[in-house]
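Written below as structure tokens is the structure these notes are about.
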Amino acid sequence: MECCCSSGTISSPLFSTFQGYSSPCGKGYSEKLLHPRKQCFRLSKPFLQLNGSLHPIDYRRASTHLPNKSYKGRIYAESKREPWDLGRFIKTLYFFNGPPSPEKILESLFTKLPGLAPSEPEKPMQPSGLVLVAGGTGGVGKRVVDVLRKKGYQVRVLVRNEEKARRLLGPDVDLVVGDITKESTLDPERFKGVRKIINAVSVIVGPKEGDTPDRAKYNQGIKFFEPEIKGDSPELVEYIGMKNLINAVKGSLGFRSGKILFGFEDNKYKELAWGALDDVVMGGVSQSSFQIDPTGGENGGPTGLFKGIVSTANNGGFTSIRTKNFSAPEDLSPYDGFELRLKGDGRRYKLIVRTSGEWDTVGYTAMFDTAAGQWQSIRLPFPVFKPIFRARTVPDAPPFNPANVMSFQLMFSKFESDGKLNPTFKEGAFELPVSSIRAYMAEPITPRFVHVGSAGVTRPDRPGLDLSKQPPAVRLNKELGYILTFKLKGEDLIRESGIPYTIVRPCALTEEPAGADLIFDQGDNITGKISREEVARICVAALNSPYACDKTFEVKSVVPFSETFTIDPENPPPEKDYNEYFKTLKDGITGKEALERQEQESPVAV
Ligand SMILES: NC(=O)c1ccc[n+]([C@@H]2O[C@H](COP(=O)([O-])OP(=O)(O)OC[C@H]3O[C@@H](n4cnc5c(N)ncnc54)[C@H](OP(=O)(O)O)[C@@H]3O)[C@@H](O)[C@H]2O)c1
């Protein structure tokens, strides 16, 4: 709340005047409000203040003049003052606090001095940068874990078998035990704090004749044995499992297009319970409202409308609308700021965001200027929100924590903070159409979901392929439970999820070291081999590359199958700058183009 008094607690006469009055807000409410002396108000000083000194309040109107069950009555607080509207004051209290305990609002309004720190300590910022590796016990996955750790990332690993994971990855590894085919094991709460994921989960393939405990035959290469699916089907792991995994992590990873928090978008309306919170709570007479204007938005569509009349009478000078607390805190950690879509009027407004459910706490506040008569998008990065309490900066408050957003307040005020005044302030009427508030991801956006897929996923149904030149999985797609078909369907789920992604499709995987020259390609045409170590490095590099974002590509080394690639372990080749490869990639190429062309040329009769 804005405070325009430099100090002051309320004098009890303001309330005692209304003893015996009936309230529209329920018996408990009226009893407490109207018999304040029975309550815990110990309000020693007069509330209203003029010219820096406190003045007692002088009532002109007896309570009996007020109509029953109505708060339209006004109090003439003192000479040369505007009449103050008690009805609006009570409505304000009632809207935000409801019947059970309005006295809490009164207490907090008047018993705390401006500038005091809030009662509830804020939670510290969540650690950022936690990377989840799914399938961290697999050939690629365990190397991904290793590369991430060496680069200093905070890593958590999703595994099916804890004992196996600790044996492979070390006793101290941070684990989430779960099975992506079992939705019940993937409660999104368990992934809070995860900012990125590298997914190397795969349906298990192995030789029909069996394998060693450490899967030596599988690791050597599918072309060297007759493969079969072990355990869960490709449909269950690659498609249903992918759906489960995406659902589990999407809230933590975030969406490229942001998260709508209020307003109108794509013919949908995300509602928030806004109520006016004007300087009436401090004795002023400004007033505002929030309405839905069905045709006042862009292109004649609907918009929210914050409008009002602001006055400096009675030492006032602000109007605002504030939402009730959200039913559950919004975790906006994947995002970088708030974006308001609004039609400006040349004035400077404030957006105040609270991260505590308590009424009277620090409001993280950002000011923004608007351009008169223009629909515009205002971006307010999270770091610009400063902790303010009653128009004063709270220097020792923690920074804004986007993981716990509880309410919004939009304000037009004469006051900025710490004694500064709003240079655009004008008394009188104003209107601010606000059609949406969203959390946004700042550019450049980097991938949040990096997936290890497979070259060949679009080939099983592709016309004109010489299958004898294709890898075993393409030739044996049907025998292997349509493994590639379901891998492609799983990829599609990622591409359609709205999460920024990279899909890396390696050719045949080997246990050779990283370091060979690489060929990146798109369109799903190449065959060859590539080291698992190299794939792991590519995945980790993709995490921070905007060039890799929303790209699907195949990769192999230049070394043919007939040659073994080795390095001098004493003098390994330097790690590549994978950005040079990522930069060559194009949007929208998946290899499905050939399938789609085929469908258009010979549509299936319905
Ligand atoms: N092999 C090749 O030549 C080749 C070629 C191109 C692409 N690829 C693809 O490259 C990717 C990585 O291959 P890779 O050799 O690293 O695979 P991998 O060694 O078989 O690893 C598979 C991983 O997935 C995990 N997993 C399986 N089902 C799971 C489930 N339901 N829930 C959670 N985790 C599960 C496994 O866990 P457990 O340890 O518990 O089994 C294991 O960690 C795969 O998608 C593969 O298809 C392979």
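Quick note: the coordinates plus some simple rules give every number you see, no bench work behind them. Fair warning: this is a prediction, and the values are worked out from it, not measured in the lab. Virtual Cβ from ideal backbone geometry, glycine too; neighbours counted across all protein chains shown.
Residues in segment 456-492, backbone N under 19 Å from the label point at R597 (7 Å along the Cα-to-beta-carbon vector): list them, ranges by number please. Residues 456-467 qualify, since their backbone N sits under 19 Å from the label point. Oblate is the label for segment 299-394. Its Cα gyration tensor axes, ordered a ≥ b ≥ c, give a/c of at least 1.5 and b/c at or above a/b. Extension gain, D568 to K270, is 101.3 nm, computed as 0.36 nm per intervening residue step minus the present C-alpha separation.
Evaluated over segment 193-247, the count of Lys pairs having alpha-carbon atoms less than 16 Å apart is 4 (only pairs 8 or more residues apart or interchain).
Between V558 and D187, residue separation times 0.36 nm minus the direct Cα-Cα distance comes to 129.3 nm. Arranged from fewest to most other beta-carbon atoms within 10 Å of their beta carbon, T365, T92 become T92, T365. At each listed q (0.30 Å⁻¹), what is the log10 of I(q)/I(0) that the Debye formula gives for segment 142-189 modelled as equal alpha-carbon point scatterers? Results for segment 142-189 at q = 0.30 Å⁻¹ read -1.13. Remark on segment 259-440: ratio of C-alpha radius of gyration to 2.2 N^0.38 Å is 0.97. Convex hull of alpha carbon positions in segment 247-307: directionally averaged projected area 6.5 nm². Taking other C-beta atoms within 10 Å as the exposure proxy, Y269, Y482, Y218 rank Y269, Y482, Y218 from fewest upward.
Computed on segment 259-440, with alpha-carbon pairs under 8 angstrom and 6+ residues apart, the relative contact order is 30 percent.
With θ taken as phi - 60° and the Karplus curve 6.51 cos²θ - 1.76 cosθ + 1.60 applied, the whole-hertz 3J(HN,Hα) list for segment 486-491 is 6, 5, 5, 5, x, 4 Hz, x standing for glycine and proline. Comparing Cα centroids, segment 261-322 and segment 327-383 end up 14 angstrom apart. The count of lysine pairs in segment 259-440 that are at least 8 places apart or cross chains, and whose C-alpha atoms lie under 16 Å apart, stands at 13.
Sequence-distant contacts, meaning Cα pairs under 8 Å at least 6 residues apart, place the relative contact order of segment 243-323 at 28 percent.
Taking every Cα-Cα distance in segment 421-553 and sorting them into 10 Å bins starting at zero, the pair-distance distribution P(r) comes out as 10, 32, 27, 11, 7, 6, 5, 2, 0 percent. Rg and Dmax, both from the Cα atoms of segment 269-338 and both in Å, are 15.3, 44. Hey, quick one: spin label on E228, modelled 7 Å out along Cα-Cβ, who in segment 471-489 has an amide N within reach, i.e. under 12 Å? Counting only backbone N, you get 480.
Kindly identify segment 460-529 as rounded, prolate or oblate by the Cα gyration tensor criterion: order the square roots of the eigenvalues as a ≥ b ≥ c, call it rounded if a/c is under 1.5, otherwise compare a/b with b/c, prolate if a/b is larger, else oblate. Here segment 460-529 falls in the oblate category.
Of all aspartates and glutamates in the structure, the ones whose alpha carbon falls short of 13 Å from that of K151, not counting any fewer than 8 places away in one chain, are E575. Backbone N atoms of segment 427-443 closer than 12 Å to the 7 Å Cα→Cβ label point of A328 are not found in any residue. Placing R0 at 56 angstrom, the Cβ-Cβ distance between L467 and R348 gives a FRET efficiency of 0.25 after rounding to 0.05. In segment 208-333, the convex hull through the Cα atoms has an average projected area of 14.7 nm², a quarter of its surface area. Going by neighbour counts of Cβ atoms within 10 Å, the residues C549, C507, C539 line up, fewest first, as C549, C507, C539.
Stokes-Einstein, applied to the Kirkwood radius of segment 143-292 over Cα pairs at a viscosity of 1.567 mPa s and 4 °C, places its translational diffusion at 65 µm² s⁻¹.
Between D172 and I589, the distance separating the two model label sites (each 7 Å from Cα on the Cα→Cβ line) works out to 4.4 nm.
The 3J(HN,Hα) values that the Karplus relation (6.51, -1.76, 1.60; θ = phi - 60°) gives for segment 188-205 are, in residue order, x, 4, 6, 10, 4, x, 6, 9, 8, 9, 10, 9, 10, 6, 8, 4, 8, 10 Hz. Gly and Pro appear as x.
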